[in-house]
Amino acid sequence: MVISSETLASLVRPDSVHKSVYTDPAIFDLEMQRIYGKAWIYVGHESQVPKAGDYHTTRLGDQDVIMVRASDGKVHVLYNRCPHKGAKVVAEGDGCAGKFFRCPYHAWTFKLDGSHLAAPMKRGLADTCYDPKHPDFSMRRLARVDSYRGFVFASQSPEGPGLKDFLGGVASSIDNLCDRSPVGEVEVAGGVFRVLQQSNWKVFYENLHDTMHARVTHESSFTAANEEADKLGEKPFELLIMFGNGEPYEFWEKLELRAYRNGHGYMEGIFDPAAATRDPVSRAHFEVLAQARGEDRARDILGMNRHNTIIYGSGSPHTVFQQFRVIRPLTVDRTLVEIQVFRLKGAPPEVFDRALTYANVVNSPSSNVMPDDIEVYRRCQEGNQTRGGDWVSMHRYHGTDRVLEDGMASTNGTSELPMRNQFVAWKNYMLDEGDAGAARNKEVAHAAA
C-alpha cells in the first residue's frame, strides 16, 4: 500500500494527530523505513561487550542486529544475517563468539567485524561469482556506528548529521548520568527487565512527559504506598519513590519541559543542591564525588533534578536512578521495553543498590507502577480502533511555550509541548524531506504555535 506525502502530512495538525498513526500497519512499516531506517538509534552500551568476541543482539527498528567488539577493540554493529542462505548467525541474547562468527547452517565463518573469513569446500565455488573480498559475501555492517560516552548508536543511513548533533540538548542527560560516577564511567549491571506492551511504540514516548496522568493512572499504587506508610509509621525508600506520582497538579505545573529537534526532550525540576546530602546514601555518594570533582561541581551534578529524558526512537535515560528504558517497536500494536540498570563506577555500592530497588519497585513487570501504564496504553490502542472519533488531542497549553535558540521550553509543566514536538519530528521523517535533524527551530516552534 502506497501512502502519499499529502496523506501523511494531513495526519498531523499543530494541536492533534489522526488516530491512524497508532493503528495502521502500513504506516508502521513506513516508520521502520523512514525513521528507524535513518535516525541514530541506541543499540547498547560498550560495557555489554567488554572483551573481543563479546556480542549483544538486539533490534534496530525491524532489523535484527549484533553489537560486537572486534579484536582491535572497536565496536561494530552488524545485521544478524549470513550472506550465504540468510540464516541468523547468532541466537538472541548475549555471548562470546571467540575469534570469529560461524554460521550454524553451512559453517561459513566471518571475522568479528563481519568480513568474510572462510567457507567449507571452496572448490565447489570455483569459477563462480564467489569472491571472499566482495561485500556481498560478508556480514553487512550498518552504515554508521558511533558512541557517546559509552552509549553506542547506529544509523542505517550513510547520510545525515553526526551523533552529537543528532542528540543536541539531550546529550546533557547522558553527561549527567556518567558524571555521577567519580571516574565518569557507567556500566550495564544487574540484569535487564523486558516488558511487552500491547500498544504502539509512540504512546510510550508521549506518556514519558505526560505529567497530567500520574495522579490518575497511578492512584492505586501511591494510595497503597500511603496506607503502608501509615502502618509502618515511616516512609522507607521503597514507598517514598511511589509517592511521587501522587503529587498535586501544582507540583507538576512547576516542572519545565524542554523540546529539541528530532523529537528529543526532557522533564526537569528546580535545581536541588540539598539532593547531595539529604540521606546517608546520597551523602556517601557526594563525599566520593567531591573528592574527584570538588564540592561545588559534585553539588551541581547531584543537584540536577532531571527525570525522564526522551531520545526519540531509542528510549528514555533516567539520570538520578541510573536507568535506560529502551523502546523497541515490534508491530503496530506491540512494543518491547527493556529496562537497563547502570552501575556508577567508583560510587558506593549502596548507590547501585538503590538503583536496583527503584527498577524493581517502579519499572519491573511485577511492580505496582508499571502495570498501570501498560493497562492505559492498551486501552488507548483499543480505543483508537473504534469509531468513537478520529483525532487525538494535544491541545494543552498549545501556543504558550517559549522559543529558545536550540528548541522550545514550556511555560507550564503540564503542557503537551513534548507530544507536539515529537510529531514535528515524525512528520519530517515520514515525508522523507531529509533528516529531521535539519528541521529549523521555527518548525519546532510551529508545534507550540
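The values are calculated or read from the model by the stated rules, or taken from the named source; none is laboratory data. Fair warning: this is a prediction, and the values are worked out from it, not measured in the lab. Here Cβ is always computed from backbone atoms with ideal geometry, including for glycine, and neighbour counts include all displayed protein chains.
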For the subset of the stretch 332-389 comprising residues that are part of a helix (DSSP H, G or I) and small (G, A, S), which member is nearest to S20 (Cα to Cα)? G383
Looking at Q323, Q422 in this structure, which one is in contact (Cβ under 8 Å) with a residue 60 or more places away in the chain and crowded, with 18+ Cβ neighbours inside 10 Å? Q422
Enumeration of residues in the stretch 22-67 that are hydrophobic (A, V, I, L, M, F, W, C) and assigned to a helix (DSSP H, G or I): A26, I27, F28, L30, M32
Of V186, V192, the only residue that is of a type outside the set (K, R) and touching a Cys at 6+ places or on another chain (Cβ under 6 Å) is V186
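Condition check ((1) more than 23 Å from G244 (Cα to Cα); (2) surrounded by fewer than 22 Cβ atoms within 10 Å (Cβ to Cβ); (3) of a type in the set (A, V, I, L, M)) across all residues:
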{"site": "H318", "(1), (2), (3)": "no, no, no"}
{"site": "I327", "(1), (2), (3)": "yes, no, yes"}
{"site": "I339", "(1), (2), (3)": "no, no, yes"}
{"site": "L344", "(1), (2), (3)": "yes, no, yes"}
{"site": "A359", "(1), (2), (3)": "no, no, yes"}
Subset of the stretch 187-240 that is touching a residue at least 12 places away in the same chain (Cβ under 8 Å) and of a type in the set (K, R) - its residue that is surrounded by the most Cβ atoms within 10 Å (Cβ to Cβ): K202
Could you tell me how many of the residues in the stretch 151-186 are more than 15 Å from I311 (Cα to Cα) and crowded, with 19+ Cβ neighbours inside 10 Å? 8
Please indicate, with yes or no, whether at least one residue in the stretch 92-103 is touching a residue at least 24 places away in the same chain (Cβ under 8 Å), more than 30 Å from the chain's Cα centre (by Cα) and not in a helix (DSSP H, G or I). yes
Can you name the number of the only condition in (1) at negative phi; (2) assigned by TED's automatic domain parsing to the domain that holds K202; (3) touching a helix residue (DSSP H, G or I) at 6+ places or on another chain (Cβ under 6 Å) that Q322 fails? (1)
With respect to D165, is the statement that it is more than 18 Å from V65 (Cα to Cα), of a type in the set (D, E) and not assigned by TED's automatic domain parsing to the domain that holds I339 true? yes
